[in-house]
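Encoded as structure tokens, the structure appears first; notes follow it.
The values are calculated or read from the model by the stated rules, or taken from the named source; none is laboratory data. In this text, all values refer to a predicted model and were calculated from it rather than measured experimentally. For neighbour counting, all protein chains shown are included, and Cβ atoms are generated from backbone atoms with ideal geometry for every residue, glycine included. Only protein heavy atoms, including side chains, enter the accessible area calculation; ligands, DNA and RNA are left aside. Shrake-Rupley method; radii C 1.70, N 1.55, O 1.52, S 1.80 Å.
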Amino acid sequence: MLDLIIRGGDVVTPQGVARCDVAVAGETIAAVAAPGTLADTTATRIIDAAGKIVIPGGVDPHVHMHHPWMLPDGTTLTTKGPDHVGRAALHGGTTTLIDFAYWRAEHSIQAAIDSRDQDFVGRSNCDWAYHLMASTDPPQHHMGELAEAIQAGYPTVKIFTTNILPSRQGRMVDFGDIWEIFKVLAKHRGLGVIHAEDNDIVMHMYAKLIAEGRVGFENLAEVHNQLSEDLSFRRVLRLAKSVPGTAIYMMHVSAATGVAAIAEGRAKGRPVYGESLHQYMLYSAEDYRRPNGQIYHTYPSLKFAEDHAALWAGTNYGAIQTVATDEICCPLKFKLQGNKIDDTTGGNAGVEPRVSLIYTETVEKRGYDLGQFVNLISSNAAKIMGLYPRKGALAIGSDADIVLLDTRQRHAVKAAEMHEADYSPWEGRDLACWPSMTLLRGKVVVEAGALKGALSDGQHLSRKVADEVRSRPAV
């Protein structure tokens, strides 16, 4: 007996788009069949999807939940956790979130994982995974632990090439240590996920602008600039080339220079992938000058029109595989608390509108097909991060993470009507659709705007990056 059949929608499968029925048994997809093939009597519930687009649940590969952030007054803000952000994600059609476990020199990698489990287990509406986040001066004995963690299902390592802010220490990993990490990743089939900026350029520009008295946050694009992205991306790519078998994923690509570096690497057959954020693709440094302009900011900074053009082109020819959020969910008063180049709060609230926003910008405005849209918000992240085809696919045996997108639910974004924060950088933005239903592993967790899921629904996802993803630009 089937649990449910979703009938008559335009279903986006790995093979293309077809009007068909999707059957669910337990937590997985049991059939994708021609309309009418499956009798009503074979299922407990029939869901009418006529006139709707049926897609796999969104996968956001870059979020920060229950994340510590130092405020300008010296206090530490802990951002909203998976209980809150996961709820917003489900309402917006995202069912899987990848966060970070903070690997520090003074603790074992397993301790970092255990600590994050305390934040997530029994507290997440969504399924989740962790990137391991390296910090400054990782001890050599941790390299053995890293190998064990990769084999245990934690194959991705976040690496910073900058401390981002002058007051912050402990983030940047020196290139010698990155070299050692790359050796472990190559040998044990992991993936480096990189926040790449040139620390010398960034810190030079902080000092220069402070000396000149141009410290307003509206000048952030001069600090976290295009040259920094160019130099850092190319240095990371060159280091990866020196360690055969190293695959890398460049996080939050913000500039045309970063797009060009990735494209050149991929043209040479190197396994390098690019992620951008929706705010980088749709907002520019000019938006910093708008009222409450901090709400558009994350690190690195917003850039310019020519960078927008390159990022969008990259989603077409392959330099940009995914669109993520870099989610930092906090109240507006904290997002606005910093107003200088060296204290502005990074990240913003974007996980709920992401899927509908990218549909609007790709399918409606730029003529992308539904398969390209689904790749950007779900399938490509699942493939690169070692979750496919369990996630990111409407196929027999895949998890029944299913979203019904309704193009009749056109509306303007209003933070007050969402479930994320008391502000939205997308306030007033016209969206061409909205999810009418979200399923997580076969359970209807959001229906007609009402949350049906529970905090016990989310599960940790063990991952393994496919050899083809690691050996060539397969996605």
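Quick look at the numbers
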{"quantity": "Residue check, Gly386 crowded, with 18+ Cβ neighbours inside 10 Å, touching a Pro at 6+ places or on another chain (Cβ under 6 Å), of a type outside the set (Asp, Glu) and modelled with pLDDT of 95 or more", "calculated": "yes"}
{"quantity": "Qualifying positions in region 425-468 - in a loop (DSSP other than H, G, I, E, B), open to solvent by 70 Å² or more (accessible area, probe 1.4 Å), over 16 Å from Ala49 (Cβ atoms) and free of Cβ contacts under 8 Å to residues at least 40 places away in the same chain", "calculated": "Glu427, Lys452"}
{"quantity": "Test: Ile210 is of a type in the set (A, V, I, L, M), open to solvent by 40 Å² or more (accessible area, probe 1.4 Å) and in contact (Cβ under 8 Å) with a residue 40 or more places away in the chain", "calculated": "yes"}
{"quantity": "Filter result (closer than 18 Å to Arg238 by Cβ and aliphatic (A, V, I, L, M)) within region 173-187", "calculated": "Val173, Ile178, Ile181, Leu185, Ala186"}
{"quantity": "Enumeration of residues in region 131-145 that are free of Cβ contacts under 8 Å to residues at least 40 places away in the same chain and either surrounded by fewer than 11 Cβ atoms within 10 Å (Cβ to Cβ) or over 26 Å from the mean Cα position of the chain (by Cα) (or both)", "calculated": "Pro139, His141, His142, Gly144"}
{"quantity": "Pairs where the first residue, in region 69-80, is open to solvent by 50 Å² or more (accessible area, probe 1.4 Å) and the second is at pLDDT 80 or above and aliphatic (A, V, I, L, M), C-beta under 8 Å, 6+ apart", "calculated": "Met70/Leu77; Lys80/Met65; Lys80/Ala421"}
{"quantity": "Sole residue being open to solvent by 50 Å² or more (accessible area, probe 1.4 Å) and within 16 Å of Val12 (Cβ to Cβ), chosen from Asp369, Asp422, Asp399", "calculated": "Asp369"}
{"quantity": "Every residue from region 163-179 that is in contact with a Lys or Arg (Cβ under 7 Å, 6 or more places away or on another chain) and either open to solvent by less than 10 Å² (accessible area, probe 1.4 Å) or small (Gly, Ala, Ser) (or both)", "calculated": "Ile164"}
{"quantity": "Residues located in region 56-78, provided they are modelled with pLDDT of 95 or more and either over 15 Å from Val355 (Cβ atoms) or in a loop (DSSP other than H, G, I, E, B) (or both)", "calculated": "Gly57, Pro61, His62, His64, Met65, His66"}
{"quantity": "Of all residues making up region 32-51, the number that are touching a Cys at 6+ places or on another chain (Cβ under 9 Å) and open to solvent by less than 70 Å² (accessible area, probe 1.4 Å)", "calculated": "3"}
{"quantity": "Options Lys241, Lys208, Lys268; residue that is over 19 Å from Ala474 (Cβ atoms) and modelled with pLDDT of 95 or more", "calculated": "Lys208"}
{"quantity": "Region 225-246, subset polar (S, T, N, Q) and closer than 30 Å to Leu209 by Cα, residue most open to solvent (accessible area, probe 1.4 Å)", "calculated": "Gln226"}
{"quantity": "Qualifying residues in region 103-129 (those that are of a type in the set (Asp, Glu) and outside any strand (DSSP E or B)) - the one surrounded by the most Cβ atoms within 10 Å (Cβ to Cβ)", "calculated": "Asp119"}
{"quantity": "Restricting region 402-419 to residues that are closer than 27 Å to Ser456 by Cα and small (Gly, Ala, Ser), the residue that is surrounded by the most Cβ atoms within 10 Å (Cβ to Cβ)", "calculated": "Ala415"}
